[in-house]
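Novice: Quick one: the structure is below, and I'll ask about it shortly.
The values are calculated or read from the model by the stated rules, or taken from the named source; none is laboratory data. These numbers were taken from a predicted model, which means no experiment stands behind them. A quick note on method: Cβ atoms are made from the backbone with ideal geometry, for glycine too, and the neighbour counts reach across all protein chains shown. Heavy atoms of the whole protein, side chains included, go into the accessibility calculation; ligands, DNA and RNA do not. Shrake-Rupley method; radii C 1.70, N 1.55, O 1.52, S 1.80 Å.
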Amino acid sequence: MTARYGKVGSMIVHQDDPFNAETPPAALAAGDRTPADRFYVRSHGPVPEIAPGAWRLRVEGLVGRPLELSLEELRRLPRREVVATLQCAGARRAALMAVRDIEGEAPWGPGAAGTAVWGGVALADVLARAGVSPGAEHVGFAGADTSPEADPPQPFGGSIPLEKALREEVLLAFEMNGEPLPPVHGAPVRALVPGYIGARSVKWLERVEVRAEPWDGYFQAVAYRLLAPDEQPGPGRGFPLGETALIADILAPADGAVPAGEVELRGHAFAGGERFVVRVDVSTDGGRRWTAAELLADQGRWAWRRWRATVALAPGEHELAVRAWDSAGATQPEDPATVWNPKGYANTAWGRIVVRVTS
């Protein structure tokens with residue numbers, strides 16, 4: 001299958017319709033920000049065609065003044081900008097599928113993540129205009145994309161706590177890396193919820209609903225929930241995913257052969273919610289001994305930390321591993337088998353690759 005929607009041909013395409021593709025690891029390792037033509041895409045239905053001039057955003061529910069805003073009206077609010085990493089909840093699923101099959105799910109690797117500069121307006125400014133009513137606890141988002149995955153088919157949607165929705169980093173975004181938001185990434189406007197799984201940053205946004213209860217649609221009540229190993233998906237089973245899990249990955253070199261001598265390892269680490277990465281360790285012997293990697297530029301609370309380390313590798317096979325530590329003192333578990341779940345979400349296990357060093 002070939003890449004579409006302006007993506008480079010090297011994208012790892014998991015599904016052509018709906019389009020689902022991840023960034024090659026080497027492309028992620030190339031810089032702090034992910035260009036739009038290399039940014040991963042997670043879709044649950046066809047990309048809707050929306051004329052920006054005809055687009056309207058409805059703000060309703062537990063508000064004093066329901067609103068209907070055009071793109072032009074939205075742009076009149078103070079512009080905000082945030083550097084933020086988005087990550088699919090199924091990122092790194094391939095390592096869980098190596099432990100035990102996960103039927104019907106794509107084998108996402110570390111490329112189901114990306115960092116961009118997002119521009120738009122604060123959701124809090126829009127909610128201030130609408131006036132949040134007593135009893136409100138959550139803010140829901142509904143997109144224009146109808147998904148046949150849901151039963152019954154319905155627009156993609158989800159919600160976040162009101163407390164998070166009122167924070168300055170949560171945007172109604174219409175720009176990505178200084179350019180208009182591309183259609184495949186949610187144009188004309190998407191929600192942008194830093195620190196939360198990508199599914200909460202709803203694309204092709206049409207409706208904001210202030211609610212007393214969390215979103216009760218399929219993609220929060222059934223999908224994007226963490227289940228026990230013996231559970232089957234169903235309404236209310238497990239618990240809904242929210243903040244992004246702590247991860248670290250080796251992005252370069254790739255699995256395979258490398259020359260003997262000093263080798264530079266490069267990768268990224270990310271902690272969601274209010275946590276941030278404080279240390280990254282690397283190992284050249286499968287985790288028996290660790291050394292600290294160098295953390296590169298700090299792009300802010302909501303973006304990944306890129307890291308690098310130079311290691312000396314003798315001829316032979318080496319299992320390279322990486323783990324991150326966050327500001328809460330948590331680190332990643334060693335074995336993906338310990339975090340396996342029926343949908344393959346939130347793989348927090350060590351990042352690993354195997355290299356064969358040639359003399």
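Novice: For the range 265-282, how many residues meet the condition of being touching a residue at least 60 places away in the same chain (Cβ under 8 Å) and open to solvent by less than 60 Å² (accessible area, probe 1.4 Å)?
Specialist: Adding up the residues that qualify gives 5.
Novice: Can we say A297 is outside any strand (DSSP E or B), open to solvent by 40 Å² or more (accessible area, probe 1.4 Å), within 30 Å of F239 (Cα to Cα) and modelled with pLDDT of 95 or more? Quick ask: steps written out before the conclusion?
Specialist: On the way: outside any strand (DSSP E or B): yes; open to solvent by 40 Å² or more (accessible area, probe 1.4 Å): yes; within 30 Å of F239 (Cα to Cα): no; modelled with pLDDT of 95 or more: yes.
So A297 fails the test.
Novice: So, of the residues in the range 303-327 that are in a loop (DSSP other than H, G, I, E, B) and open to solvent by 30 Å² or more (accessible area, probe 1.4 Å), which turns out to be modelled with the highest pLDDT?
Specialist: S327
Novice: Another one. Which number in (1) within 24 Å of the chain's Cα centre (by Cα); (2) in a loop (DSSP other than H, G, I, E, B); (3) not charged (D, E, K, R) marks the one condition that G135 misses?
Specialist: For G135, the exception is condition (1).
Novice: So is R65 out of contact with any strand residue (DSSP E or B) (no Cβ under 7 Å at 6 or more places or on another chain), touching a residue at least 40 places away in the same chain (Cβ under 8 Å) and either part of a loop (DSSP other than H, G, I, E, B) or loosely packed, with under 15 Cβ neighbours inside 10 Å (or both) or not?
Specialist: Yes: the conditions hold for R65.
Novice: Here is a further query. List the pairs whose first member sits in the range 217-234 and is closer than 23 Å to P161 by Cβ, whose second member is hydroxyl-bearing (S, T, Y), and whose Cβ atoms are under 6 Å apart, counting only residues at least 6 apart or on separate chains?
Specialist: Close Cβ pairs satisfying both conditions: L226/Y345.
Novice: Have a look at E149, E105 and point out the one that is closer than 25 Å to A248 by Cα, assigned to a loop (DSSP other than H, G, I, E, B) and not basic (K, R).
Specialist: Working: E149 fails: closer than 25 Å to A248 by Cα.
Step by step, each of E149, E105 is checked, and only E105 is closer than 25 Å to A248 by Cα, assigned to a loop (DSSP other than H, G, I, E, B) and not basic (K, R).
Novice: Which of the following residues is closer than 30 Å to L296 by Cβ and outside any strand (DSSP E or B): A54, A26, A21, A84?
Specialist: Working: A54 fails: closer than 30 Å to L296 by Cβ; A21 fails: outside any strand (DSSP E or B); A84 fails: outside any strand (DSSP E or B).
Every option except A26 fails the conditions.
Novice: So, E262, is that one part of a strand (DSSP E or B) and either modelled with pLDDT under 95 or crowded, with 21+ Cβ neighbours inside 10 Å (or both) or not?
Specialist: So E262 passes the test.
Novice: Still on this structure: Give me a count of the residues in the range 12-62 that are β-branched (V, I, T), open to solvent by 20 Å² or more (accessible area, probe 1.4 Å) and out of contact with any Asp or Glu (no Cβ under 8 Å at 6 or more places or on another chain).
Specialist: So the count comes out to 2.
Novice: Given the conditions (1) more than 22 Å from the chain's Cα centre (by Cα); (2) in contact (Cβ under 8 Å) with a residue 40 or more places away in the chain, report the number of the one that D285 does not fulfil.
Specialist: Condition (2) is where D285 drops out.
Novice: Based on this model, can you work out whether P214 counts as of a type outside the set (S, T, Y) and under 16 Å from the mean Cα position of the chain (by Cα)?
Specialist: No; evaluated as a whole, the condition is false for this residue.
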